[in-house]
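Following: one structure in structure tokens, then a few remarks.
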Amino acid sequence: MNRTRTNDRFSRTRGRSAGSGQGGHRSSGRTSRSAGRRPAAAGEFALPRTTTPALPAVETFAELDMPEQLLAALKAEGVTVPFPIQGATLPNTLAGRDALGRGRTGSGKTLAFGLALLARTAGSRAEPRQPLALVLVPTRELAQQVTDALTPYARSLRLRLATVVGGMSIGRQAGALRGGAEVVVATPGRLKDLVERGDCRLDQVGITVLDEADQMTDMGFMPQVTALLDQVRPGGQRMLFSATLDRNVDRLVRRYLTDPVVHSVDPSASAVTTMEHHVLHVRGADKYAATTEIAARDGRVIMFLDTKHAVDRLTRDLLGSGVRAAALHGGKTQPQRTRTLAHFKTGHVTVLVATNVAARGIHVDNLDLVVNVDPPTDHKDYLHRGGRTARAGESGRVVTLVTPEQRGGMARLLSQAGIRPRITEVRSGDAELSRITGAQTPPGSPVVITAATAERPKRDSAPRSRRNRPSQATRRATQRRSAVASAA
């Protein structure tokens, strides 16, 4: 979210390419050149050229044709200046153009598509089970983040939002759709289930957004995504946004986008200027100690590992060392995942130990360190893990712990990502480890994060008077004693 800050990056970006942003695949307002494909970066498809010129970018929200209520809500939320991808895409998407947008995580993609979707849906009322706009996302966490980001603006326009994701009550979600929702934010699998049950129809959806489309294809959602897109209203507006646009997305672009305006605000493999990348060479026997010292730092950190088992084991070890840690992975229930994220955002938990489930869709303000305890196996995973820090102009560091046998593979991965890291040999207790990460000796006394493991919040929400009532057995005993006393 771009809260109460003047975005100096915007003016720099406009100086490089008006209407499209900066970097490798520039897509300025000069899109009237002959149709075809732009040259592709390694691993990416060639971006399409459009035949209709793009409208120029704007520098303020006031220049956009949006409802007054929406402009007032932006001001109330402290959103004062459009980020580059917002200023570049909104003039076109508000006019109903299909859009293909690429911008790194934290670049403002959610409002880039969300404001256009809400403004163009304003004034309409959905019939039961028939939403008018759809946002498809790959993960539950991203669905919740999108919903949270759009809620104040939807409320200002009296639009109803429904979130449809797995791991939560399908009956409750069906009820929300029956009550009528103009905008649905959904993961593909759960929405497909609701459609097959007859709880949702998509033939009235006039605006469709695919957010992080490349991850949906990587996760095997392509069949569900195409099946859902085939059901939306023909001729509607489609927007596809992602931090990376690899060749798996090309099929979606060719099949579903019509003469899209193309905006590549940030090159997918470039380093963010406010982000530092460090590779720390560690010995295998010393890796655990170094990890624990980093986790004990002052301030929050996300630590990524490959497997759920490794995440749970490290979390237990950190708690035993006095570090307030919590685990996040696909084996946790959705309420557990939601509570863990809430406690991490508030600082109740200072270390989030996670698998790649947290690599997209999680926004935490002022998070300045991400640690790859296990190096990622794909350069896209590296970029998205690192994208949890240095968001929206803030600064941050991405640190990867690399053992001797991992050095060659990590060097190749970083080359693919276009990253030139600072490489340092460290040991636990080193001053350099502390300087780079803030590592320090852990407290040593075990801690228990009790609030994050509460499983039945409904019991806690019962009225106090009810919880303090005597039990039924106690009431009966009292009644019997009263009857005996009366008889006497």
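The values are calculated or read from the model by the stated rules, or taken from the named source; none is laboratory data. The model shown is predicted, which means the values in this text are computed figures rather than measured ones. All Cβ positions, even for glycine, are placed from backbone atoms using ideal geometry, and neighbour counts span all protein chains on display. Protein only, heavy atoms only, side chains kept; ligands, DNA and RNA dropped before computing areas. Shrake-Rupley method; radii C 1.70, N 1.55, O 1.52, S 1.80 Å.
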Practice task
Calculate the tail of P(r) for region 77-232: the fraction of all Cα-Cα distances greater than 24 Å, expressed in %.
Solution key: 28 percent
Problem - Cα→Cβ-extended label distance, 7 Å offset, between THR403 and ASN366, nm - result: 3.7 nm
Practice task
Set the Förster distance to 45 Å, then compute FRET efficiency between ASP378 and GLU127 from the Cβ-Cβ distance, nearest 0.05.
Solution key: 0.55
Handout entry: Per-residue SASA entry for VAL448, accessible area with 1.4 Å probe, Å² rounded to 10
Key = 110 Å²
Completion exercise
Output row, site ASP65, 7 Å Cα→C-beta label point, backbone N cut-off 18 Å, window region 146-160, residues none
Problem - Computed FRET value (nearest 0.05) for THR338 with THR52, which takes r as the C-beta separation and R₀ as 30 Å - result: 0.10
Exercise for the section: List the pair-distance distribution P(r) of region 149-282, using every Cα-Cα distance, as the percent of pairs falling in each 10 Å bin from 0 up to the bin containing the longest distance, rounded to whole percents. Expected result: 10, 35, 33, 16, 6, 1
Practice task
Kindly identify region 371-441 as rounded, prolate or oblate by the Cα gyration tensor criterion: order the square roots of the eigenvalues as a ≥ b ≥ c, call it rounded if a/c is under 1.5, otherwise compare a/b with b/c, prolate if a/b is larger, else oblate.
Solution key: oblate
Practice task
Between ALA176 and ARG251, take the C-beta separation as r, use R0 = 25 Å, and let me know the FRET efficiency to the nearest 0.05.
Solution key: 0.20
Fill in the blank from the handout: Restricting to Cα pairs under 8 Å and 6 or more apart, the percent relative contact order of region 330-386 works out to 32 percent
Problem - Residue (of GLN173, MET66, ALA122) at the positive-pole extreme of region 54-199, dipole from beta-carbon charges - result: GLN173
Problem - Separation of alpha-carbon centers, region 186-233 and region 70-86, rounded to whole Å - result: 29 Å
Handout entry: Rel. contact order, % - alpha carbon contacts under 8 angstrom, at least six apart, region 305-445
Key = 23 percent
Exercise for the section: Leaving ligands, DNA and RNA out of it, rank HIS281, HIS309 by accessible area with a 1.4 Å probe, largest first. Expected result: HIS309, HIS281
Fill in the blank from the handout: Projected convex hull area of region 55-119, Cα atoms, direction-averaged, in nm², equals 4.1 nm²
Exercise for the section: Using a 1.4 Å probe over the heavy atoms of the protein chains, calculate the carbon and sulfur portion of the accessible area of region 166-311 as a whole percent. Expected result: 49 percent
Practice task
Report the accessible area of ARG316, computed with a 1.4 Å probe over the heavy atoms of all protein chains in place, in Å² rounded to the nearest 10.
Solution key: 140 Å²
Completion exercise
Expressed in square angstrom to the nearest 10, the accessible area of ILE436 with a 1.4 Å probe stands at 10 Å²
